[in-house]
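Trainee: Below is a structure I'd like to ask you about.
The values are calculated or read from the model by the stated rules, or taken from the named source; none is laboratory data. Keep in mind that what you see is a predicted model, and the values were worked out from it rather than measured. Cβ sites come from the backbone with ideal geometry, for glycine too, and all protein chains shown count toward neighbours. Heads up: the accessible areas ignore ligands, DNA and RNA and are worked out on the full protein's heavy atoms, side chains in. Shrake-Rupley method; radii C 1.70, N 1.55, O 1.52, S 1.80 Å.
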Amino acid sequence: MTCQADRIVALLLVTLWMTSPALAHSGGLTGGLTGGLQSGLLHPVTGLDHVVAMVAVGLWGGILGGAAIWKLPVIFPMVMAMAGALGALGIPVPGIETGIALSGMVLGGMVLFTVRPPMTVAVVLVGAFAIFHGHAHGTELPEAANPIAYAAGFVLATGALHLAGIAFGMLTKWPSGMIAVRAVGAAIAVTGGAYLTGLA
Amino acid sequence: MIRLVALALCAASPAAAHGSLPVGDGFASGVAHPFLAGEHLLLLVGLGALLGRQDSRRPLPGLVAGLICGLGLAVLQPGPMRPAILVLALGIGGVLAAALRVGAGVLTVIALAAGLFIGADTDGSTTIAAFAGVVAGVFMIVLNSMALARYGAARPGGVPLRIAGSWIVAVAILLLAFLLREGMWPA
């Protein structure tokens, strides 16, 4: 399974890398597509608070194991997109930045302390945090971007971060790997805390 | 699922504010059309994944019939089919994400609807060569997606297909929101 997950992540990274030469073009349909794809791919990875939370979702899925490996990364993008739709339509949701920072801190803490709640609790928690991330992305999306390319890039980049987290989370099979994963969880929790307290 | 197709049909019918997607005159431009029209690509990848997951080829003639009917409909200039295409893609993505089994009859209806919407989302003046190209392009996407989906379905729990389904749902929701924001959702 680890090998398979690694292959998926490698494939996604190669795909992401292969898009880069096409980004040099501009204008016309191709320019619109690649420009939108570029914006979408970059959007989830330009904010550290977003990145760490996405990776934490995957890491936590890897720690929980079983169905959580796919349930959390399946629930997250769907809820995120619904909240993104609210953001795109200008429907406000309170406490977005606080929620995003809190998501890194809480999910990082879950990884650090290897918390294993019932599946429903994990799904609800991850889904709730997805609302904040999705709304922020939806609100910030550029007007000029090619919508389909932007949305595809945005979802793919988010999914790639989840898969990277899952792949890394597979290291928990080994004692030294568990230490490494928990250390990353601690770093994520600290990052979230820094954003929450305004230090970052 | 039948309800979903009906909803997609309802979403399609009143839309008349914007023109359909141009295809061009030649076979090659027709082939390129479903690849460049993002909504088409999303729907066709989802459809191929669904058919591949269930290892069902029987609905494919329904897809061709839908495309031909859709082209006939395009002559009547029914307006853009993007909302209908996205609603159908959303439903297919949901079925994939939830790993729901779908009957062969329903699969055929879905394939027919997908073909109808994509065929109708061309300009009415498309040449026979260009339309043949559209059919070829559609099948290139669907058949390749079917092949990949069979690989994904063989994994424990069909996890790759569930994740792909959730991504299709997410993209479709975001695009529907864009349409709504741009005032392109049918009144």
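Trainee: All but one of (1) touching an Asp or Glu at 6+ places or on another chain (Cβ under 9 Å); (2) closer than 29 Å to B:Ala28 by Cα; (3) of a type in the set (A, V, I, L, M) hold for B:Leu112; state the number of the condition that does not hold.
Mentor: (1)
Trainee: Quick check on my filter: what residues within the range A:91-101 are open to solvent by 10 Å² or more (accessible area, probe 1.4 Å) and either at the interface with chain B (Cβ under 8 Å from one of its Cβ atoms) or part of a helix (DSSP H, G or I) (or both)?
Mentor: The answer is A:Ile96, A:Glu97, A:Thr98.
Trainee: Out of everything in the range B:142-168 that is out of contact with any Lys or Arg (no Cβ under 7 Å at 6 or more places or on another chain) and open to solvent by less than 10 Å² (accessible area, probe 1.4 Å), what residue ends up being farthest from the other protein chains (Cβ to nearest Cβ)?
Mentor: B:Val142
Trainee: Also, I was wondering about something else. Please count how many residues of the range A:187-200 are in a helix (DSSP H, G or I), open to solvent by 30 Å² or more (accessible area, probe 1.4 Å) and not polar (S, T, N, Q).
Mentor: Total meeting the criteria: 4.
Trainee: Residue check, A:Ala67 against (1) hydrophobic (A, V, I, L, M, F, W, C); (2) more than 14 Å from the chain's Cα centre (by Cα); (3) away from chain B (no Cβ under 14 Å); (4) under 27 Å from B:Leu161 (Cβ atoms), all met but one. Which one?
Mentor: (3)
Trainee: If you don't mind, another one. Quick one: which helices (runs of 4 or more DSSP H) lie wholly within the range A:23-89 and hold at least 3 residues that are hydroxyl-bearing (Ser, Thr, Tyr) and either touching a strand residue (DSSP E or B) at 6+ places or on another chain (Cβ under 8 Å) or modelled with pLDDT under 90 (or both)?
Mentor: The qualifying helices (runs of 4 or more DSSP H) are A:28-42.
Trainee: How many of the residues making up the range A:146-181 are within 13 Å of chain B (Cβ to nearest Cβ), of a type in the set (S, T, N, Q) and either outside any helix (DSSP H, G or I) or open to solvent by 30 Å² or more (accessible area, probe 1.4 Å) (or both)?
Mentor: 1
Trainee: In addition: Taking the residues in the range B:44-78 that are open to solvent by 80 Å² or more (accessible area, probe 1.4 Å) and within 20 Å of B:Ile128 (Cα to Cα) as candidates, determine which candidate is farthest from the other protein chains (Cβ to nearest Cβ).
Mentor: Top of the filtered list is B:Pro61.
Trainee: Being small (Gly, Ala, Ser) and not in a helix (DSSP H, G or I) is the filter; apply it to the range B:148-187 and report the residue that is farthest from B:Glu39 (Cα to Cα).
Mentor: B:Ala154
Trainee: Can you tell me which of (1) open to solvent by less than 40 Å² (accessible area, probe 1.4 Å); (2) at pLDDT below 90 is the one A:Thr139 doesn't meet?
Mentor: (1)
Trainee: Take the residues of the range B:86-122 that are part of a loop (DSSP other than H, G, I, E, B) and out of contact with any strand residue (DSSP E or B) (no Cβ under 7 Å at 6 or more places or on another chain): which is least open to solvent (accessible area, probe 1.4 Å)?
Mentor: Only one residue fits best here, namely B:Val102.
Trainee: Restricting to the range B:28-43, give me the number of residues that are within 13 Å of another protein chain (Cβ to nearest Cβ) and open to solvent by less than 20 Å² (accessible area, probe 1.4 Å).
Mentor: 7
Trainee: I've got another one for you. Please find, among A:Ala128, A:Ala122, the residue that is surrounded by 14 or more Cβ atoms within 10 Å (Cβ to Cβ) and over 14 Å from the mean Cα position of the chain (by Cα).
Mentor: A:Ala122
Trainee: Does B:Ser145 meet the test of being at pLDDT 90 or above and of a type in the set (S, T, N, Q)?
Mentor: yes
Trainee: I'd like to check something: does the range A:102-115 contain any residue that is part of a helix (DSSP H, G or I) and within 14 Å of another protein chain (Cβ to nearest Cβ)?
Mentor: no
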